[in-house]
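Participant: Sending over a structure as structure tokens; questions will come in a sec.
Taken together, the values in this text are just the output of simple stated rules run on the coordinates, not laboratory data. Values in this document were obtained by computation on a predicted structure and should not be read as measured data. Here the Cβ positions follow ideal geometry from the backbone for every residue, glycine too, while neighbour counts run over all protein chains shown.
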Amino acid sequence: MTDLFLLFVGFGAGFALARALALRARPSAVTATPEPTPAPEPVVVATPEPAPPAPEPLSAKLHRLSVPLEAYGEATAHPRELADRAEFRDAVTLFAARDVALETVREYAFGANWTMSCTALQALGQRADGHELAPDVVAHFGRLRPWALHYALEYLSSLKKRSSPGG
């Protein structure tokens with residue numbers, strides 16, 4: 001029993017000692033508190049405004065338009081249905097723009113992407129210099145996909161001056 005009594009006394013003494021040390025370490029309310037030091041003024045660093053993003057290249061715009069247009073075009077019954085799509089009209093507008101070289105339109109008109117071929121051929125009829133590619137369009141008839149062939153024929157029929165058959 002004395003062991004238990006000594007254990008309680010030792011526990012109580014250890015607790016009292018720990019509490020006394022904790023109170024001694026804490027500053028008393030009587031001691032003066034140091035005045036707060038003012039925070040340093042924030043330094044404002046002028047960061048240059050980020051440069052505006054570079055304009056999206058024509059190829060990226062056309063690729064973005066061709067993906068949904070091709071998916072839609074595969075299910076169409078007639079080539080005219082493509083022209084009802086906003087993506088088709090947007091691509092034609094891009095190809096018809098003055099800052100797009102005629103050679104670029106030519107490459108797409110005779111390229112592997114049949115939906116972009118259709119839009120490029122449609123745009124040729126809207127370009128001031130579009131008539132220059134009429135002989136090339138005729139020369140590529142055998143390599144055009146059926147829907148692109150439709151737009152090639154529309155383009156050729158829209159020309160003011162048509163070339164004679166066979167030359």
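Participant: Quote to one decimal, in nm, the extra length available between GLU49 and ALA139 on full extension: 0.36 nm per residue of separation minus the C-alpha distance between them.
Facilitator: Length gained, GLU49 through ALA139: 27.2 nm.
Participant: Once the piece of chain linking GLU103 and ASP84 is laid out straight, how much longer is it, given 0.36 nm per residue of separation minus the C-alpha distance between them? Mind showing how you got there, number by number?
Facilitator: Numbers: separation 19, 0.36 × 19 = 6.84 nm, distance 2.63 nm.
Here the segment from GLU103 to ASP84 would lengthen by 4.2 nm.
Participant: Using label points projected 7 Å from each Cα along Cα→Cβ, tell me how many nm separate THR93 and ARG64, to one decimal.
Facilitator: Here the answer is 1.3 nm between the modelled labels.
Participant: Shape verdict for region 56-167, please, from the Cα gyration tensor: rounded (a/c under 1.5), prolate (a/b greater than b/c) or oblate.
Facilitator: Oblate shape, in that a/c is at least 1.5 and b/c is the bigger or equal ratio.
Participant: Could I ask something else about it? Could you give me the ³J(HN,Hα) list for region 58-63, computed from phi with Karplus coefficients 6.51, -1.76, 1.60 and θ = phi - 60°, whole Hz, x at Gly and Pro?
Facilitator: Along region 58-63, the couplings run 4, 4, 5, 4, 5, 5 Hz.
Participant: Report the FRET efficiency, 1/(1 + (r/R0)^6), for SER158 and GLU56, where r is their Cβ-Cβ distance and R0 is 35 Å, rounded to 0.05.
Facilitator: 0.75
Participant: Given contacts defined as C-alpha pairs under 8 Å and at least six residues apart, what's the relative contact order of region 88-136, whole-number percent?
Facilitator: This gives 39 percent for region 88-136.
Participant: Using the Karplus curve 6.51 cos²θ - 1.76 cosθ + 1.60 with θ = phi - 60°, what ³J(HN,Hα) values do you get for each residue of region 124-133, in whole Hz, with x for Gly and Pro?
Facilitator: Listing the rounded values in order: 4, x, 9, 8, 5, 9, x, 4, 5, 8 Hz.
Participant: Additional query: Determine the principal axes of the Cα atoms in region 102-165, then give the extent along each, sorted from largest to smallest and rounded to whole angstroms.
Facilitator: Computed over the Cα atoms, the extents are 29, 22, 15 Å.
Participant: Where does the charge balance sit around GLN126 when Lys and Arg score +1, Asp and Glu -1, over other residues with C-beta under 14 Å from its C-beta? Provide the component values of the computation, followed by the final result.
Facilitator: Working: positive: ARG89, ARG98, ARG127, LYS160; negative: ASP90, ASP129, GLU132, GLU154.
Net charge in that neighbourhood comes out at 0.
Participant: Okay, moving on. Net charge around TYR72, counting only other residues with Cβ within less than 10 Å of its Cβ (Lys, Arg = +1; Asp, Glu = -1)?
Facilitator: After counting each charged neighbour, the total is -4.
Participant: Return the sequence-ordered ³J(HN,Hα) values of region 135-144 in whole Hz as given by the Karplus equation 6.51 cos²θ - 1.76 cosθ + 1.60 applied to θ = phi - 60°, using x for Gly and Pro.
Facilitator: x, 5, 4, 4, 5, 9, 3, x, 10, 7
Participant: Let me ask you something else. What's the ranking of 145-151, 134-140 by average number of surrounding C-beta atoms within 10 Å, highest first? Show your work: numbers first, answer last.
Facilitator: Values: 145-151: 19.0, 134-140: 15.3.
By packing density, highest mean first, the sequence is 145-151, 134-140.
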